[in-house]
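The values are calculated or read from the model by the stated rules, or taken from the named source; none is laboratory data. Only a predicted model underlies this, so the values are computations on that prediction, with no experimental measurement involved. Every residue, glycine as well, gets a Cβ built from its backbone with ideal geometry; the counts of neighbours run over all protein chains shown.
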Amino acid sequence: MLIKKENQVVTIEVHQFCDFTTRETDALAALRSTVDFGVPPYVWASPVDRPTRVLLWKNGELVGHAGVLERTIRVGTDEHHVAGLYSVMARPDVRGLGYGSMVVRRAAEVAEATMPDARHIVLVCLESKVSFYERLGWNRLDAPVRFDQPDGHRLLEIVTMARPIGSAAWPSGDVDLHGLPW
Ligand SMILES: CC(C)(COP(=O)(O)OP(=O)(O)OC[C@H]1O[C@@H](n2cnc3c(N)ncnc32)[C@H](O)[C@@H]1OP(=O)(O)O)[C@@H](O)C(=O)NCCC(=O)NCCS
């Protein structure tokens, strides 16, 4: 996707992390170094378990990123297949211009197109980001959410949100992410 506006060239690309060249690896490290997620110091899913990346370049610089993965979680007593949205970021000097929303929307499109078994797109975030994701179609989950850490099973202290793919309703019951958080 290419967007041209006032001498700015914005491109949005979708890459597999395993196919990253040095350009993408270095650009993502540079972008990541500018962003503070402010989340608890959990052990998060590793980069290789976060395969699909949406990269937003502005005039050749990487200024936005979001990723999607697939995971079978448990809700109540049943398994529930979801896409997981992670590492949503916009470089601090370009925030408020819609780039964060663009990478989230593109990541959702990728999940819908490539993850046919996924019923929802699930993310975890700070309270301060809830309104951002609500505007993009996500709803907060009220049920307790548990996840794995190297020292055992833990209760998530931050917000979990889900956006349906199609018309799926969120099932009732406690949530278990079945692995490290993303
Ligand atoms: C969250 C984050 C990705 C948002 O990126 P962004 O590019 O600023 O996002 P957008 O511009 O699409 O929307 C952000 C805000 O700008 C507003 N906005 C959107 N388009 C706009 C425009 N053209 N002009 C002015 N404001 C605009 C939105 O309404 C939104 O308002 P809010 O601050 O009340 O939520 C960014 O703040 C970030 O990287 N934060 C740190 C990392 C992080 O916490 N990521 C979330 C992990 S779950």
Subject >> The listed residue being within 17 Å of Val39 (Cβ to Cβ), within 10 Å of the ligand (Cβ to nearest atom) and hydrophobic (A, V, I, L, M, F, W, C), out of Leu97, Leu126 >> reply: Leu126
Original post:
Picking from Met115, Met102, which residue would you name as being within 16 Å of the ligand (Cβ to nearest atom), within 17 Å of the chain's Cα centre (by Cα) and either more than 19 Å from Gly64 (Cα to Cα) or touching a residue at least 40 places away in the same chain (Cβ under 8 Å) (or both)?
Top reply: Met102
Original post:
Considering only residues of segment 1-22 that are out of contact with any Leu (no Cβ under 7 Å at 6 or more places or on another chain), modelled with pLDDT of 95 or more and outside any helix (DSSP H, G or I), which is nearest to Ala108 (Cα to Cα)?
Top reply: Val14
**OP:** Return yes when Val75 is of a type in the set (A, V, I, L, M, F, W, C), buried (at least 19 other Cβ atoms within 10 Å of the Cβ), away from the ligand (no atom under 14 Å from the Cβ) and in contact (Cβ under 8 Å) with a residue 40 or more places away in the chain and no when it is not.
**Re:** yes
**OP:** Tell me, yes or no, whether segment 16-24 has at least one residue that is surrounded by 12 or more Cβ atoms within 10 Å (Cβ to Cβ) and either within 16 Å of the ligand (Cβ to nearest atom) or polar (S, T, N, Q) (or both).
**Re:** no
Original post:
Name the pairs whose Cβ atoms lie under 7 Å apart, with the first residue in segment 36-62 and at positive phi, the second within 14 Å of the ligand (Cβ to nearest atom), and 6 or more positions between them or separate chains?
Top reply: Gly38/Leu126; Asn59/Gln8
Original post:
Do we have any residue at all in segment 123-131 that's in contact with a His (Cβ under 7 Å, 6 or more places away or on another chain), under 19 Å from Thr52 (Cα atoms) and in contact (Cβ under 8 Å) with a residue 60 or more places away in the chain?
Top reply: no
Original post:
Got a sec? Which of Val94, Val63 is of a type in the set (A, V, I, L, M), buried (at least 16 other Cβ atoms within 10 Å of the Cβ), modelled with pLDDT of 95 or more and in contact with a Phe, Trp or Tyr (Cβ under 8 Å, 6 or more places away or on another chain)?
Top reply: Val63
**OP:** Please specify each residue of segment 132-155 satisfying the condition of being in contact (Cβ under 8 Å) with a residue 12 or more places away in the chain and in a loop (DSSP other than H, G, I, E, B).
**Re:** Leu136, Gly137, Trp138, Leu141, Ala143, Pro144, Pro150
